[in-house]
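Undergrad: Quick one: the structure is below, questions incoming.
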Amino acid sequence: VLQRLMKAEKLEIVSHLAASISHEVRNPLTASRGFMQMLQEDEKEPAKKRYISIAINELDRAKEIIDDYLLFANSAPERNEKMNISEEIHHVTHIMTPLANMNGVAIDFTFDEEVKFFVMGERRKLQQCLINLFKNSIEAMQNGGTLTVKVTKEGGTVIVDIIDTGCGMTQEQINRLGEPYFTTKEKGTGLGTMVSFSIIHYMKGKVSVSSVKGKETCFSLEFPLCE
Ligand code: ADP
Ligand code: MG
């Protein structure tokens, strides 16, 4: 018991640390990127222009890691609370709209305020989980498409289907989902699904994935319904 306790304490320290790193590092990154961009605009020499562009790319990469992994890492653990899952999805679709627009992706989700399916968890963690999955779906549709999100209830379970008309995955790729640093993207971190899966697990949920390579993917999340 003592050992387990120590492990839990260590995890909490790590989570505190992650939160402050995320917060403290994000601002200087943004500031540096801004100045780099100004330098790049004024720079005439092609070689130097290229160096600056590499530096900007590296800053973007660091930001990606923070976004996938630490965006909502919180200094004080949030309370477990009852959440209306559709409301959280609705919120996240707003956050993701700019990225969707950039990729020519339409988000198909109808928020019905009458339908209330409650789940237990920490709000920001659930949002991080959804953001990472929505982001992957949108990134899978480089030439546009539709991201469909459906919420249904089946007995004591709430099911969230996240369906895209993107590049799809092979069985081998599906098997590797959630593995840290597994990525097929040039600028990927390979942390997004790992974080999402661990949040789902922590909420006592389940996830299953089905996909047709070159055609579509569906992430199906199941959470215990909270009456
Ligand atoms: P990253 O997005 O940084 O690559 P993730 O852990 O979020 O890392 O995703 C890992 C990999 O899983 C992606 O690189 C991609 O190959 C695959 N993947 C995840 N979601 C989808 C999806 N909706 N459609 C196609 N491939 C996906
Ligand atoms: Mg990702």
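Undergrad: I need the full set of residues from segment 131-184 which are within 11 Å of ligand 2 (Cβ to nearest atom) and more than 15 Å from the chain's Cα centre (by Cα), in order please.
TA: Listed by number, the list holds a single entry, Thr184.
Undergrad: Residue check: is Glu139 within 23 Å of Asp60 (Cα to Cα), among the charged types (D, E, K, R) and at pLDDT 95 or above?
TA: Answer is yes for this residue.
Undergrad: What is the one condition in (1) in contact with a Leu (Cβ under 7 Å, 6 or more places away or on another chain); (2) within 12 Å of ligand 1 (Cβ to nearest atom) that Thr217 does not satisfy?
TA: Of the numbered conditions (1) in contact with a Leu (Cβ under 7 Å, 6 or more places away or on another chain); (2) within 12 Å of ligand 1 (Cβ to nearest atom), the odd one out for Thr217 is (1).
Undergrad: So which of Met169, Met203 ends up being of a type in the set (A, V, I, L, M) and near ligand 1 (Cβ under 9 Å from one of its atoms)?
TA: Just one listed residue meets the conditions, Met169.
Undergrad: Now for a separate question. Go through segment 137-176 and give me each residue that's part of a loop (DSSP other than H, G, I, E, B), of a type in the set (Val, Ile, Thr) and more than 18 Å from Ile107 (Cα to Cα).
TA: Thr170
Undergrad: OK, next. In this structure, does Arg124 turn out to be away from ligand 2 (no atom under 16 Å from the Cβ) and either within 18 Å of the chain's Cα centre (by Cα) or in a helix (DSSP H, G or I) (or both)?
TA: yes
Undergrad: Is it true that Phe223 is near ligand 1 (Cβ under 8 Å from one of its atoms), in contact (Cβ under 8 Å) with a residue 60 or more places away in the chain and part of a strand (DSSP E or B)?
TA: When the stated conditions are applied, Phe223 does not pass them.
For every residue, the table says whether it meets (1) touching a helix residue (DSSP H, G or I) at 6+ places or on another chain (Cβ under 9 Å); (2) at pLDDT below 95.
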site: Gly144; (1), (2): no, no
site: Lys153; (1), (2): no, no
site: Ile162; (1), (2): yes, no
site: Glu179; (1), (2): yes, yes
site: Lys187; (1), (2): yes, yes
site: Ser198; (1), (2): yes, yes
site: Gly205; (1), (2): yes, no
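The values are calculated or read from the model by the stated rules, or taken from the named source; none is laboratory data. Quick caveat: nothing in here was measured; it's all calculated off a predicted structure. Here Cβ is always computed from backbone atoms with ideal geometry, including for glycine, and neighbour counts include all displayed protein chains.
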